[in-house]
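One structure is given here, and the rest of the page talks about it.
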Amino acid sequence: MQQPAPSQNDGGFLNAEAAHRYAQEILQESLTMLAQTGHSPVALLRMCEAICSQLKEPDAPFRPEAAPYVMALPHVIAHWYSDTDLRGPHGQPRRLPLRSRGRGPSLETLIRRVFPTENLDRVVESLLRANAIESHGKLYAPVERYVSLKQDAWSMSIHALMSAAGLLRTIRHNLSTDDLSATFLERTVRNPSVPVSLLPEVHAHLKRHIGPILWNFDGYFRSLEVTPGSEPTTSVSIAVCVFEDPIVTGAPSVDSAKNASPPRRGPPPRNRRRGGKP
């Protein structure tokens, strides 16, 4: 899979230390937590050697500028749906030409808000490959409000790398400070007794309700944006991930969707009441 070429502002970004920063961070934090919870470093070393011995060498070295590039792609779509000059009379995003011949908006002016210096054709190709936009003759339109990078295995891997690094970084930061006002938001809701038969309903419910919440926070972040270079900035992200332990949904050994009993309706049985005495 082709990676984005370095931008003109990379400078010394492509040195060996920067290229290995994400890998070093993930390995150090993960292995440290495993050792602190009773896993032998000697055994962990053997595991790492066994796992790495089964992996193939990559076709190209990792470029650290690829991470912010991939994570910024959905930002183009967010502006498309939120900016009033890019929406039609009914609030839907307008179809845009690649380049504008007059003063009207275009896909180029939209992309330049997020990628001031990147090659335009390369960004358009990335959005098409991720199925984030589609062409209608000479016009382009977003496919959905949210961008799924699953269509592009390389981008999905970059997204997973950034998410893992971000989660571990937040945990480390919160453990290293005694100042509660300096900690980052880190909350988990867990219930160990959710019936397997209800998992399809659970996942549908969460996707239906979490999406609008994240969109609202995305709008809040966009309201705080400043012109690049006008003052020091950093990237702030919110990630929501649902865990099954063990994973049942989609597991080849369990076809819960076909074999499960229909979801329950109404109040739970008396012996499953929550709170108080049974």
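So which residues in the range 125-145 are at negative phi and out of contact with any helix residue (DSSP H, G or I) (no Cβ under 7 Å at 6 or more places or on another chain)? Full working, then the answer.
The initial filter retains those residues of the range 125-145 that are at negative phi, namely 125-130, 132-136, 138-145.
Of everything in the range 125-145, those that are at negative phi and out of contact with any helix residue (DSSP H, G or I) (no Cβ under 7 Å at 6 or more places or on another chain) turn out to be 125, 128, 134, 135, 136, 138, 139, 141, 143, 144.
Look through 118, 134 and report the one residue that is modelled with pLDDT of 90 or more, part of a loop (DSSP other than H, G, I, E, B) and of a type outside the set (Lys, Arg).
Going through 118, 134 in turn, just one is modelled with pLDDT of 90 or more, part of a loop (DSSP other than H, G, I, E, B) and of a type outside the set (Lys, Arg): 118.
Conditions (1) among the polar types (S, T, N, Q); (2) buried (at least 19 other Cβ atoms within 10 Å of the Cβ); (3) under 24 Å from residue 165 (Cα atoms); (4) in the same structural domain as residue 237 (by TED's automatic domain parsing), marked per residue:
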{"site": "78", "(1), (2), (3), (4)": "no, yes, yes, no"}
{"site": "84", "(1), (2), (3), (4)": "yes, no, no, no"}
{"site": "89", "(1), (2), (3), (4)": "no, no, no, no"}
{"site": "138", "(1), (2), (3), (4)": "no, no, no, no"}
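Taking only the range 95-115 into account, find how many residues are assigned to a loop (DSSP other than H, G, I, E, B), within 15 Å of residue 142 (Cα to Cα) and free of Cβ contacts under 8 Å to residues at least 40 places away in the same chain. Reasoning before the result, please.
Pass one, the range 95-115, residues assigned to a loop (DSSP other than H, G, I, E, B): 95, 98-106, 115.
Those still in the list that are within 15 Å of residue 142 (Cα to Cα) too: 95, 98, 105-106.
Add one more test, that the residue is free of Cβ contacts under 8 Å to residues at least 40 places away in the same chain, and what stays is 105-106.
Total meeting the criteria: 2.
Identify the residue in the range 163-204 that is part of a loop (DSSP other than H, G, I, E, B) and basic (Lys, Arg) and, among all such residues, is nearest to residue 31 (Cα to Cα). Let's see the steps before the verdict.
We begin by selecting, within the range 163-204, every residue part of a loop (DSSP other than H, G, I, E, B); these are 177-179, 183-195.
Next cut, basic (Lys, Arg) only: 187, 190.
On the way: 187: 22, 190: 24 Å.
Checking each candidate, the answer is 187.
Quick one: in the range 144-153, which of the residues that are surrounded by fewer than 16 Cβ atoms within 10 Å (Cβ to Cβ) and not hydroxyl-bearing (Ser, Thr, Tyr) is nearest to residue 22 (Cα to Cα)?
That would be 153.
Take the residues of the range 154-203 that are touching a residue at least 12 places away in the same chain (Cβ under 8 Å) and polar (S, T, N, Q): which is surrounded by the most Cβ atoms within 10 Å (Cβ to Cβ)?
Among residues in the range 154-203 that are touching a residue at least 12 places away in the same chain (Cβ under 8 Å) and polar (S, T, N, Q), the one surrounded by the most Cβ atoms within 10 Å (Cβ to Cβ) is 155.
So which pairs qualify, if the first residue must be in the range 242-261 and farther than 30 Å from residue 186 by Cα, the second must be modelled with pLDDT of 80 or more, the Cβ gap must be under 6 Å, and the two must be at least 6 apart or on different chains?
254/248; 256/196; 256/199; 256/248; 257/200; 260/197; 261/197
Against the definition (of a type outside the set (Phe, Trp, Tyr), part of a loop (DSSP other than H, G, I, E, B), surrounded by fewer than 14 Cβ atoms within 10 Å (Cβ to Cβ) and at pLDDT below 95), how does residue 4 come out, yes or no? Lay out the reasoning, then the answer.
Numbers: of a type outside the set (Phe, Trp, Tyr): yes; part of a loop (DSSP other than H, G, I, E, B): yes; surrounded by fewer than 14 Cβ atoms within 10 Å (Cβ to Cβ): no; at pLDDT below 95: yes.
Considered against the rule, which asks whether it is of a type outside the set (Phe, Trp, Tyr), part of a loop (DSSP other than H, G, I, E, B), surrounded by fewer than 14 Cβ atoms within 10 Å (Cβ to Cβ) and at pLDDT below 95, residue 4 comes out as no.
Would you pick out the residues in the range 19-51 that are assigned to a loop (DSSP other than H, G, I, E, B) and more than 30 Å from residue 68 (Cβ to Cβ)? If you could, list the steps in order and put the result at the bottom.
Of the range 19-51, the ones assigned to a loop (DSSP other than H, G, I, E, B) are 20, 37-40.
Answer for the range 19-51, where residues must be assigned to a loop (DSSP other than H, G, I, E, B) and more than 30 Å from residue 68 (Cβ to Cβ): 37, 38, 39, 40.
The values are calculated or read from the model by the stated rules, or taken from the named source; none is laboratory data. Note that the structure is a prediction, hence the values are computed from the model and not measured. Quick reminder, even Gly has a Cβ in these numbers, built from the backbone with ideal geometry, and neighbours come from all protein chains shown.
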